[in-house]
Amino acid sequence: GATISTVYYAQINSNGTLGSWIATTSLPQAIKLATAIEYNGYVYEIGGNNGSVTLATVYYAQINSNGTLGTWNTTASIPVATELATSVVYNGYVYEIAGGGSSGDTYYSQINSNGTLGTWISTTAVPVGTSEATSVVYNGYIYEIGGCGSVCPRTTAYYAQINSNGSLGAWNTTTSLLTAVNESTSV
């Protein structure tokens with residue numbers, strides 16, 4: 001529940017184990033309840049809460065060849081401050097899905113080759129407000145699984161097709177989870 005700014009990294013060994021965890025460049029401010037993604041040599045920290053307010057800030061840093069991070073910079077902020085949301089990346093676009101206090105809002109932004117983000121664009125919202133869910137992408141589809149809303153936790157799993165321009169098609173339900181979950185992860 002505490003806000004932190006420390007960032008750690010560890011080398012992934014050839015046998016699947018991890019090397020020692022080492023601190024690298026700290027975030028510009030302490031944050032909790034944010035999301036993070038990696039794409040094309042950059043890591044992103046999106047939204048969250050600094051202990052006082054929910055944030056719309058997006059930070060990014062280049063990943064150096066030795067695993068350390070370069071300087072954190074800001075790029076295009078998301079249109080609505082989010083915490084407890086989910087983020088995924090697919091085909092050069094980053095997606096920020098729902099989050100605390102959300103009505104299912106979903107936004108996407110194109111990732112530029114220099115690590116900056118383009119303008120965030122609203123796309124098809126998840127059918128119900130969701131926070132504390134987990135999301136994954138696979139083969140042109142995005143999935144929003146479990147989470148909280150009017151019911152907490154949930155068993156619902158939604159999916160939407162990702163269009164070639166980055167926008168999303170309609171969200172549909174698919175096979176429900178066997179157990180209701182929130183604050184979980186998926187791969």
**Q.** Output for the range 50-85, where each listed residue is within 19 Å of ILE4 (Cα to Cα), open to solvent by 30 Å² or more (accessible area, probe 1.4 Å) and not polar (S, T, N, Q)
**A.** GLY51, VAL53, ALA81, GLU83, LEU84
Q: Find all pairs meeting these conditions: Cβ atoms under 7 angstrom apart; at least six residues apart or on different chains; first residue within the range 30-41 and part of a strand (DSSP E or B); second residue at pLDDT below 95 and open to solvent by 60 Å² or more (accessible area, probe 1.4 Å).
A: LYS32/GLY1; LYS32/ALA2
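Can you pull out every residue in the range 37-49 that is open to solvent by 50 Å² or more (accessible area, probe 1.4 Å) and under 21 Å from GLY19 (Cα atoms)?
Quick first cut of the range 37-49, residues open to solvent by 50 Å² or more (accessible area, probe 1.4 Å) only: 38-40.
Passing the criteria: only GLU38.
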Q) Which pairs do you get when a residue that is at pLDDT 95 or above, found in the range 2-15, comes within reach of a residue that is among the aromatic types (Phe, Trp, Tyr), reach meaning Cβ atoms under 7 angstrom, with the pair 6+ apart or on two chains? A) TYR8/TRP21; ALA10/TRP21
(Q) I'm told VAL88 meets every condition in (1) assigned to a strand (DSSP E or B); (2) out of contact with any Gly (no Cβ under 8 Å at 6 or more places or on another chain); (3) of a type outside the set (Lys, Arg); (4) open to solvent by 20 Å² or more (accessible area, probe 1.4 Å) except one. Can you identify the failing condition by its number? (A) (4)
Q: Name every residue in the range 121-148 that is surrounded by fewer than 21 Cβ atoms within 10 Å (Cβ to Cβ) and either acidic (Asp, Glu) or in a loop (DSSP other than H, G, I, E, B) (or both), in order of residue number.
A: THR124, ALA125, PRO127, VAL128, GLY129, ASN139, GLY140
Q) Looking at this structure, is VAL7 surrounded by 12 or more Cβ atoms within 10 Å (Cβ to Cβ) and under 28 Å from THR124 (Cα atoms)? A) no
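Taking the condition outside any loop (DSSP other than H, G, I, E, B), among the hydrophobic types (A, V, I, L, M, F, W, C), out of contact with any helix residue (DSSP H, G or I) (no Cβ under 6 Å at 6 or more places or on another chain) and open to solvent by less than 30 Å² (accessible area, probe 1.4 Å), does ALA23 pass? Before you say what the answer is, go through the steps one by one.
Numbers: outside any loop (DSSP other than H, G, I, E, B): yes; among the hydrophobic types (A, V, I, L, M, F, W, C): yes; out of contact with any helix residue (DSSP H, G or I) (no Cβ under 6 Å at 6 or more places or on another chain): yes; open to solvent by less than 30 Å² (accessible area, probe 1.4 Å): no.
Spelling it out, it is not the case that ALA23 is outside any loop (DSSP other than H, G, I, E, B), among the hydrophobic types (A, V, I, L, M, F, W, C), out of contact with any helix residue (DSSP H, G or I) (no Cβ under 6 Å at 6 or more places or on another chain) and open to solvent by less than 30 Å² (accessible area, probe 1.4 Å).
The values are calculated or read from the model by the stated rules, or taken from the named source; none is laboratory data. Bear in mind that the values here come from a model prediction, so they are computed numbers and not experimental data. Glycine also receives a Cβ, built like all others from the backbone with ideal geometry; neighbour counts cover every protein chain displayed. We work out accessible area using only protein heavy atoms, side chains counted, and drop any ligands, DNA or RNA first. Shrake-Rupley method; radii C 1.70, N 1.55, O 1.52, S 1.80 Å.
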